[in-house]
Each structure stands twice: as C-alpha cells, then as structure tokens.
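S.K.: Take a look at the following structure, please.
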Amino acid sequence: MTRTSRGVALGTYYAARADAARRTANSREMRGLVYAVKDNRPSPNPPQPIAHPRHPLGPVMVDRRNAIEYVTSIVARYTSQLARFFGGTPAETTLVPVPSSEVTAATIETARFPTHRLCRALAGAGLGTVRVLAVQRHPVAARAAGHRRTAQEVFDGLARTALAAPRTGLIVLVDDNVNHGASLAAVDALLGASLDVAAFAVALTDSQPRADAYDRRRFDVKYDPGKRPLSVEIVKR
C-alpha cells in the first residue's frame with residue numbers, strides 16, 4: 001500500500017551552472033542558503049546577501065553562523081499556517097531530524113548535525129518538540145560525484161536511537177535539502193511507518209526552471225513500506 005508524506009520547502013535548490021539555475025531568479029541565493037545551513041564545506045562560502053520575501057527583514061548577510069537563525073525567522077512568521085499544512089497542533093507534533101552522514105548514536109551532540117539544530121530552532125518557534133530517533137550505524141563516506149544512495153541503501157545504513165517513538169500525533173521529518181525523497185522515506189520506514197508523517201525542508205532540488213527560487217515549494221513523497229527494496233516517488237509542485 002502506498003504511503004504518502006506531504007512536504008513543504010522554503011525555496012528551490014539548483015546546481016551551480018545548471019541551465020535551470022540561469023533561468024531562475026535568486027537561484028544563487030537559495031543555493032547559498034542551503035550550503036550555509038548544511039555547513040559541510042571545509043572552506044565555507046563567504047557571507048552573501050539573502051532577501052527571502054518571507055523573512056521579516058530586508059537583505060541579510062548570511063553564512064553558516066546565522067543560516068539556521070535566518071530560516072527560523074522565516075518559519076516563526078508562519079507557524080500557524082505550517083501547523084495547518086502539516087495537519088497537527090504543535091502539542092501533537094514531534095520534530096525528527098534526518099541525520100547527516102556522520103551522525104551516529106555516540107556523536108549526536110558533537111558531529112555536524114544541522115537538521116538537529118534546525119529542529120531545536122523550529123521547536124523554539126512553537127512548531128513542536130524534538131526527538132532524535134534515527135542516526136547512522138556508521139559514518140557515511142562521501143560517494144563519487146554523480147552517485148546517490150538509493151532509499152534502500154539509506155535505510156540499511158540507519159539505526160534507531162534509544163528514545164521511544166511517539167505513539168500518537170504527527171511526525172515532521174526535518175531536512176536541509178530534499179531531492180528524491182530517499183532519506184525521508186528511509187527514516188519513515190525505520191520508524192515503522194505508523195503515524196502520520198509530514199516533511200519540512202529548507203529547499204527542494206529541481207532541474208526545471210521557475211520564476212523565482214525563493215517561491216515556496218510543496219511536494220509529496222510516496223513509497224510502499226511493505227516492499228523491498230524501498231522504491232520512492234517524489235511529486236514536486
């Protein structure tokens with residue numbers, strides 16, 4: 001039976017120098033915001049002006065030191081709308097970070113874990129409570145350019161933490177950037193695919209041009225939790 005998770009992202013991520021990026025306003029700015037949130041570059045990008053229309057201020061110089069604060073300032077203005085979109089009240093919502101590649105059970109508080117920081121910030125804005133329910137069994141080495149792990153490979157590399165999963169309410173999976181939805185489906189399957197699940201991301205990767213990369217995106221992640229290997233379909237809007 002197909003399981004569908006609804007998701008929302010603050011904008012669109014385009015690969016540098018892609019034709020769609022050249023044809024989409026503010027693609028460079030959204031790409032820079034994603035890089036700043038992920039904070040996975042040995043030499044971080046320099047600060048750059050970001051002027052997301054949903055942010056309460058005008059252009060802000062953003063880098064990895066204030067990127068999550070910047071995202072949270074956007075979300076804080078639309079907490080009630082997001083809660084309605086997710087379909088649950090903040091009291092019923094558990095924010096679950098999608099683990100980055102180096103986060104294991106022993107390094108939750110020490111490894112690079114931007115989605116955990118983002119979850120904590122979203123909780124501070126009144127969107128729910130945070131539980132780290134999934135980590136990597138072992139740190140995941142970077143793959144060759146162009147190779148992306150399948151949903152089954154992601155699932156096989158994950159482990160549950162000792163924290164109990166909620167038995168009622170809504171789970172919102174939080175990611176920095178969503179492309180094919182493999183990580184979202186893998187974490188959902190790991191948790192048993194039992195509760196309603198939604199997703200929040202800073203950006204949704206796309207290869208098709210749009211009027212403006214700052215435009216909010218919606219998406220659905222679909223998969224059958226009873227089938228192996230996991231096969232995921234993502235519908236981008």
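The values are calculated or read from the model by the stated rules, or taken from the named source; none is laboratory data. These figures come from a predicted structure and were not determined experimentally. Heads up, the Cβs are rebuilt from the backbone with ideal geometry, glycines too, and the neighbour counts pull from every protein chain shown.
S.K.: Residues of segment 1-32 being touching a helix residue (DSSP H, G or I) at 6+ places or on another chain (Cβ under 8 Å), of a type outside the set (Gly, Ala, Ser) and within 21 Å of Val96 (Cα to Cα), which ones?
M.R.: Scanning segment 1-32 gives Arg3, Arg6, Val8, Leu10.
S.K.: Which condition breaks for Leu195 when tested against (1) under 25 Å from Glu29 (Cα atoms); (2) among the hydrophobic types (A, V, I, L, M, F, W, C); (3) surrounded by fewer than 22 Cβ atoms within 10 Å (Cβ to Cβ)?
M.R.: Going through the list (1) under 25 Å from Glu29 (Cα atoms); (2) among the hydrophobic types (A, V, I, L, M, F, W, C); (3) surrounded by fewer than 22 Cβ atoms within 10 Å (Cβ to Cβ), Leu195 breaks only (1).
S.K.: Considering only residues of segment 109-120 that are of a type outside the set (D, E, K, R) and either outside any loop (DSSP other than H, G, I, E, B) or in contact with a Cys (Cβ under 8 Å, 6 or more places away or on another chain) (or both), which is surrounded by the fewest Cβ atoms within 10 Å (Cβ to Cβ)?
M.R.: Among those that are of a type outside the set (D, E, K, R) and either outside any loop (DSSP other than H, G, I, E, B) or in contact with a Cys (Cβ under 8 Å, 6 or more places away or on another chain) (or both), it is His116.
S.K.: Quick one: in segment 38-78, of everything that is under 18 Å from Asp175 (Cα atoms) and among the aliphatic types (A, V, I, L, M), which residue is surrounded by the most Cβ atoms within 10 Å (Cβ to Cβ)?
M.R.: Val71
S.K.: Could you figure out which of (1) among the hydrophobic types (A, V, I, L, M, F, W, C); (2) out of contact with any helix residue (DSSP H, G or I) (no Cβ under 8 Å at 6 or more places or on another chain); (3) part of a loop (DSSP other than H, G, I, E, B); (4) modelled with pLDDT under 95 isn't true of Ala106?
M.R.: It is condition (4) that Ala106 fails.
S.K.: Got a sec? Which of Val187, Val174, Val140 is farther than 20 Å from Asn66 by Cα, of a type in the set (Val, Ile, Thr) and modelled with pLDDT of 95 or more?
M.R.: Testing whether each residue is farther than 20 Å from Asn66 by Cα, of a type in the set (Val, Ile, Thr) and modelled with pLDDT of 95 or more leaves just Val187.
S.K.: Among the residues that make up segment 121-128, is at least one of them of a type outside the set (D, E, K, R), within 21 Å of Ile108 (Cα to Cα), surrounded by fewer than 23 Cβ atoms within 10 Å (Cβ to Cβ) and touching an Asp or Glu at 6+ places or on another chain (Cβ under 8 Å)?
M.R.: Scanning segment 121-128, I find at least one residue that is of a type outside the set (D, E, K, R), within 21 Å of Ile108 (Cα to Cα), surrounded by fewer than 23 Cβ atoms within 10 Å (Cβ to Cβ) and touching an Asp or Glu at 6+ places or on another chain (Cβ under 8 Å), so the answer is yes.
S.K.: If you don't mind, there's one more thing I want to ask. Here is a list of conditions, (1) in a helix (DSSP H, G or I); (2) in contact with a strand residue (DSSP E or B) (Cβ under 8 Å, 6 or more places away or on another chain); (3) at pLDDT 95 or above; (4) aliphatic (A, V, I, L, M), and Met61 meets all of them except one; can you say which number that is?
M.R.: Status for Met61: all satisfied but (1).
S.K.: Can you tell me which condition Gln81 does not meet? The list is (1) of a type in the set (S, T, N, Q); (2) surrounded by 14 or more Cβ atoms within 10 Å (Cβ to Cβ); (3) within 22 Å of Ala203 (Cα to Cα), and all the others hold.
M.R.: (2)
S.K.: Just to check your reading of the model, which residue among Asp215, Asp220, Asp224, Asp188 is among the acidic types (Asp, Glu), surrounded by fewer than 22 Cβ atoms within 10 Å (Cβ to Cβ), closer than 26 Å to Arg167 by Cβ and within 17 Å of the chain's Cα centre (by Cα)?
M.R.: On inspection, the qualifying residue turns out to be Asp220.
S.K.: Now for a different question. Looking at segment 21-35, I want the residues that are under 15 Å from Arg217 (Cα atoms) and have a partner that is basic (Lys, Arg) and surrounded by fewer than 21 Cβ atoms within 10 Å (Cβ to Cβ) with Cβ atoms under 7 Å, at least 6 apart or on another chain. Which pairs are those?
M.R.: Final answer for the pair search is Thr24/Arg210.
S.K.: Right, next: Would you confirm whether any residue within segment 22-29 is crowded, with 16+ Cβ neighbours inside 10 Å, in a loop (DSSP other than H, G, I, E, B) and at pLDDT 95 or above?
M.R.: Among the residues of segment 22-29, at least one is crowded, with 16+ Cβ neighbours inside 10 Å, in a loop (DSSP other than H, G, I, E, B) and at pLDDT 95 or above, which makes the answer yes.
S.K.: Quickly run through segment 141-151 and pick out the residues that are surrounded by fewer than 18 Cβ atoms within 10 Å (Cβ to Cβ) and either touching a helix residue (DSSP H, G or I) at 6+ places or on another chain (Cβ under 6 Å) or not basic (Lys, Arg) (or both).
M.R.: Within segment 141-151, Ala141, Ala142, Ala144, Ala145, Gly146, His147, Thr150 meet the criteria.
S.K.: What strands (runs of 3 or more DSSP E) completely inside segment 132-237 contain at least 2 residues that are under 30 Å from His55 (Cα atoms)?
M.R.: 170-178, 196-205, 217-223, 232-236
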